[in-house]
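The values are calculated or read from the model by the stated rules, or taken from the named source; none is laboratory data. Here the structure is a predicted model, which is why all the values come from computation and not from measurement. Heads up, the Cβs are rebuilt from the backbone with ideal geometry, glycines too, and the neighbour counts pull from every protein chain shown.
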Amino acid sequence: MNFTEAASLVDGATTASFFLKEKANIQKGQKVLINGASGSIGSSAVQLSKYFGAEVTGVCSIKNIEMVKGFGADYVINYTNADFTKTGKLYDIIFDTVSKSSFSQSKSSLNYGGKYIVTDMSFKRVVISSLTKLCKKRKLIFGMSVNKTESLNYIKSLIEKGHLKPVIDRHYKLNEI
């Protein structure tokens, strides 16, 4: 793996792994929806969810549908013409990697005991999380990974076994960042 490929996994793959494995306790056979399936966290989340044996639905724009299918998504929803919360399908885990939905919008798409994951730690989400503790039927999960070394070692093992591939959308020169 070259440096560019390795660098692409530091944030996206470790974050996806932390939330799916450590926080949501993803299990074989679960139905998982990844909102933002073509991004850094989302592309890793799709691949990791498939690795764990989940049925995966990815949400992305029309231009990224084939790419997300290539990551292993079983189903793909084009967010420009469909709202995943209005399809009537239920999920065990909804992982919003782009913070474009909300727990209140998504809870009707969660199975009993389902988990809504978001990486955004805004004050509003902290308050909502406190309120959702009153609702045992569904759960909001947020936060950030703290042990990058352990997570990177885990990601490294998945890459070496061919279960996870880096995704490079484009390159930037340092002065363009």
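Values computed for the structure shown
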| quantity | calculated |
| --- | --- |
| Failed item, numbered, when residue 21 is tested on (1) at pLDDT 95 or above; (2) surrounded by fewer than 24 Cβ atoms within 10 Å (Cβ to Cβ); (3) not acidic (Asp, Glu) | (1) |
| Residue within region 60-73 that is in a loop (DSSP other than H, G, I, E, B) and in contact (Cβ under 8 Å) with a residue 24 or more places away in the chain present | yes |
| Where residue 32 falls short, out of the listed (1) in contact with an Asp or Glu (Cβ under 9 Å, 6 or more places away or on another chain); (2) in a helix (DSSP H, G or I) | (2) |
| In region 1-29, the residues that are touching a residue at least 24 places away in the same chain (Cβ under 8 Å) and not in a helix (DSSP H, G or I) | 1, 24, 26, 27, 28, 29 |
| Residue match in region 124-144 (condition: surrounded by 14 or more Cβ atoms within 10 Å (Cβ to Cβ), modelled with pLDDT of 90 or more and aromatic (Phe, Trp, Tyr)) | no |
| Number of the exception - residue 82 against (1) in a strand (DSSP E or B); (2) surrounded by fewer than 16 Cβ atoms within 10 Å (Cβ to Cβ); (3) of a type in the set (A, V, I, L, M) | (1) |
| Residue in region 87-96 that is out of contact with any Phe, Trp or Tyr (no Cβ under 8 Å at 6 or more places or on another chain), among the polar types (S, T, N, Q) and surrounded by fewer than 23 Cβ atoms within 10 Å (Cβ to Cβ) present | yes |
| Region 35-59, residues that are part of a helix (DSSP H, G or I) and without any contact (Cβ under 8 Å) to a residue 60 or more places away in the chain | 42, 45, 46, 49, 50 |
| Identity of the residue in region 62-78, surrounded by 19 or more Cβ atoms within 10 Å (Cβ to Cβ) and in contact with a helix residue (DSSP H, G or I) (Cβ under 9 Å, 6 or more places away or on another chain), that ends up farthest from residue 162 (Cα to Cα) | 77 |
